[in-house]
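Worksheet for the structure shown next.
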Amino acid sequence: QVQLVESGGGLVQAGGSLRLSCAASGRAVSSYAMGWFRQAPGKDREFVSSITWTTAIYATSVKGRFTISIDNAKNTVDLQMNSLKPEDTAVYYCAARQFRLVSSSPNDYAFWGQGTQVTVSS
């Protein structure tokens, strides 16, 4: 079992940056494939990025703007978000998958954090 807690959300103007962090307790993040998803009001949960020790993948909408990384010393998975757009506004969720293979499907992830709000103003 792993417990996940996200932090770093907030309000930022378009073009700005935020760094989200997902702190894991119970097990090392390197034991899992880790993912970031987001959900805007009235929309389905959407894939953002996923990472294992060797591989990272991104949604087309964020590629080149967002960077996912693992910090083994802190046992966190971070999401650096640059050049933010109003359409990036959503609640961002961290998730862990027991099978260590990146995936864009939320159904593949068994453990979820509570989410952190990101709001990008125009």
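Within the same chain, lysines fewer than 8 places from LYS63 are excluded, and of the rest, those with a Cα less than 20 Å from its Cα are LYS85. Exposed loop sites, defined as chymotrypsin sites (Phe, Trp or Tyr not before Pro) outside DSSP H, G, I, E and B with at most 14 other Cβ atoms within 10 Å, are absent from the longest region of the chain, namely 1-52. Relative contact order for the chain: 37 percent, from Cα pairs under 8 Å spaced at least 6 residues apart, divided by residue count. Taken over the C-alpha atoms, the chain has Rg and Dmax values of 13.2, 40 angstrom.
Using heavy atoms of the protein chains and a probe of 1.4 Å, the accessible area assigned to LEU11 is about 130 Å².
At a probe radius of 1.4 angstrom, the accessible area of the chain per residue rounds to 50 square angstrom. Nonpolar atom fraction for the stretch 13-85, defined as the carbon and sulfur part of the 1.4 Å probe accessible area, stands at 48 percent.
The values are calculated or read from the model by the stated rules, or taken from the named source; none is laboratory data. Keep in mind the model is a prediction, meaning the values are calculated, not measured. Here Cβ is always computed from backbone atoms with ideal geometry, including for glycine, and neighbour counts include all displayed protein chains. Heavy atoms of the whole protein, side chains included, go into the accessibility calculation; ligands, DNA and RNA do not. Shrake-Rupley method; radii C 1.70, N 1.55, O 1.52, S 1.80 Å.
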